[in-house]
Amino acid sequence: MRAWRRTSRVLLAALAAATLAGVPAQAAQGTGASDAQGREAVGRGPGAEAARGPGAAAGRADVPTVRALPGTVPGDPQAPTVEDTYPWMSTVTDLASAGYVEEEFEIAGEADAYGTTGELLAEDVPYRTRMIVRRPADPRDFNGTVLTEWQNVTAGYDLDALWSPDQILREGYAWVGVSAQRVGVDQLRGWSPARYGSLDVTGGGRFAADQLSYDVFAQAARALRSRQGGAAPLGKLRARTVLGVGASQSAMRMTVYYDHVLPRTAPVFDAYAFVVGNAPARKGAEPVLQVLSETDVRTPARRADDDRFRRWEVAGTAHSGWNGQEYRRPVLTRDLGAAPEYRCARPAFSRVPLHHVIAAAYGHLTRWAERGVLPPSAPPLQFAADGTKARDELGLARGGIRLSQVEAPTALDTGDNAGETFCFLFGSHEPFTGETLDDLHPTHGGYVAQVARTDARNVLAGYLLPGDARDNLREAATSEVGR
């Protein structure tokens, strides 16, 4: 906590100095040292320490066998040999320049089947699935925390919903995507038969409603801490903290796991992030942080924060916003031939960066799990007397965590939309007219100062990382707003 506060104060001083001096771009380039200091303070250096946490005591029987899958981009998913194929949704991010690698693994074992209320349906059902790993190549660049994502399958295929490369690479996390559900695995089998044709998470069709998914996800995480199952998914890295993370439908599946399956099984994850979806009703031993977009908050009723639970609601953000859509566009064009297009009632995809708040949440969860440091609580979104979300004269939501894109707005960003298929999840983005911008931001310096002040407050409050504040400041300084 002290390191986090120290880093925050360094950023605050830099932003304030830049605002007063009128040279924000220069200040934006001067926060790198404080980023590094903060990362080192939370234990970035000793990436090769021995494993700790709930998974360290797990028995060998629960660890699946792990086998590396060869083949990288470019390749042909329909090639007859695995070596000539490549992983589904292999990242387009330049990992090598950041000192990262991407590797895919087949994992196989025997999992127990559970119903949605936790009843044990069957034991020791064979399964075979895959995990994709993006991690620092050098243990010295690893911050010690693994983000283990339950891959989302709402679109009919595995989706890296929580892969945000700018934040994950900058902060030194390892990210792991686990294919736990039938829909995703079935799509993989057809997309690349040579690579994925033997995968099965249904026990040969006996459990087609994802009854194995809970134990499959837990066993995949256990493999990250173990050297017993063959190949080492994390290479030479040693995980100190393993977070279970999931978005939307995956958060719903993780909620079933936390509320009903975890109480009767050995713990694996140190803490959990439930993003844009359900969160547990049960108070358990492992900390839970729920991050919701404006889209997802439909009622003022909410679970109260306590010493094992935090809920954050972020004004102006969407369940599925612009950043993720833009990242996935070239990936899906490569892997499916085209990215989906949507005709929504309003211009789609809020540009308020929910992923900035999610990245801050990961750091809080790590400190919570490792040292018992509670994250800050956050103000809720506000509701009007008629039960709708309260909005200001510009149409922006009131209350909640308020990023600079909302407090120093250049567009109307909301969590609301309508239209075909998934449009209701995309929120909206409608740039203000020139007249409105001139009224809101009559001078460029005033606009930049407002961005700086808002971001400094959010860094100090714990809702924003210094690196993202720096990037926001640089973007504001180079914009034409107020010129």
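The values are calculated or read from the model by the stated rules, or taken from the named source; none is laboratory data. Computed from a predicted model, the values in this text were never measured in an experiment. Ideal geometry is used to build each Cβ from the backbone, glycine not excepted, and the neighbour counts take in all protein chains shown. All accessible areas refer to the heavy atoms of the entire protein, side chains included, with ligands and DNA or RNA removed. Shrake-Rupley method; radii C 1.70, N 1.55, O 1.52, S 1.80 Å.
Roughly speaking, to the nearest percent, how much of segment 145-278's 1.4 Å accessible area is carbon and sulfur?
Details: 1620 of 3340 Å².
That share works out to 48 percent.
Specify which residue in the list S248, A301, Y196 is farthest towards the positive end of the charge dipole of the chain, using unit charges on the beta carbon of Lys, Arg (+1) and Asp, Glu (-1), about the Cα centre. Of the options given, the answer is A301.
Using Cα pairs under 8 angstrom and six or more residues apart, how large is the relative contact order of segment 83-180, in percent?
Working: 155 pairs, mean separation 26.7, N = 98.
Rounded, it is 27 percent for segment 83-180.
Would you be so kind as to identify which of L224, G400, T414 lies farthest towards the positive end of the dipole of the chain, taking Lys and Arg as +1 and Asp and Glu as -1 on Cβ and the Cα centre as origin? In the chain, that residue is L224. Heavy atoms of the protein chains alone define the surface here; on that basis the chain has 38 Å² accessible area per residue at 1.4 Å probe size.
Remark: segment 179-259 carries a charge dipole of roughly 480 debye about the Cα centre, counting +1 on each Lys and Arg Cβ and -1 on each Asp and Glu Cβ.
Rolling a 1.4 Å probe over the protein heavy atoms of segment 346-468, with every protein chain left in place, gives an accessible area that is 55 percent carbon and sulfur. Computed from point charges on the beta carbon alone (+1 for Lys and Arg, -1 for Asp and Glu), the dipole magnitude for the chain about its Cα centre is near 1400 Debye. Structural descriptor for the chain: relative contact order 16 percent, calculated from alpha carbon pairs under 8 angstrom and at least 6 residues apart.
Across all directions, the shadow cast by the convex hull of segment 221-308 built on its C-alpha atoms averages 6.9 square nanometres.
From the protein chains alone at 1.4 Å, what is the descending order of accessible area for T148, T443, largest first?
My answer, sorted largest first, is T443, T148.
Please say if segment 400-483 is rounded, prolate or oblate, where rounded means a/c under 1.5 for a ≥ b ≥ c the square roots of the C-alpha gyration tensor eigenvalues, and otherwise the choice is prolate for a/b larger than b/c and oblate otherwise? Because a/c hits 1.5 or more and a/b fails to exceed b/c, segment 400-483 counts as oblate. Ordering H355, A315, A384 by the projection of their Cα atoms onto the charge dipole of segment 310-409, which places +1 on the Cβ of Lys and Arg and -1 on the Cβ of Asp and Glu, puts H355 at the extreme positive end. Rounded to the nearest 5, the antiparallel percentage of DSSP beta bridges internal to segment 107-226 is 70%. The listed residues K236, K283, K389 rank as K236, K283, K389 when sorted by accessible area, largest first, using a 1.4 Å probe.
Sorting T436, T454 by solvent-accessible area of protein heavy atoms yields T436, T454, largest first, with a 1.4 Å probe. Calculated [222 nm] ellipticity per residue, helices only, for the chain: -9500 deg cm²/dmol; basis is -39500 (n - 2.57) per DSSP H run with n ≥ 4, divided by all residues, nearest 500.
The label point for Q78 and the one for T299, both projected 7 Å from the Cα toward the Cβ, are 4.9 nm apart.
Placing +1 on each Lys and Arg Cβ and -1 on each Asp and Glu Cβ, with no other charges, gives segment 154-210 a dipole about its Cα centre of roughly 220 debye. Subtracting the Cα-Cα distance of D307 and D94 from their residue separation scaled by 0.36 nm leaves 72.8 nm.
If the segment from R346 to T388 were pulled out straight at 0.36 nm per residue, it would be longer than the present Cα-Cα gap by 13.3 nm. For segment 178-219, trypsin sites (Lys or Arg not before Pro) are listed when DSSP marks them as loop and at most 13 other Cβ atoms sit within 10 Å of their Cβ; the list is R206.
With contacts taken as Cα pairs under 8 Å and at least 6 residues apart, segment 129-248 reaches a relative contact order of 35 percent. Each part gets one Cα centre, and for segment 421-483 versus segment 307-365 those centres are 17 Å apart. Counting heavy atoms of the protein chains alone, T117 has an accessible area of about 100 Å² for a 1.4 Å probe.
With an a/c value of 1.5 or above and a/b not larger than b/c for the gyration tensor axes a ≥ b ≥ c computed over the alpha-carbon atoms, segment 274-419 is described as oblate.
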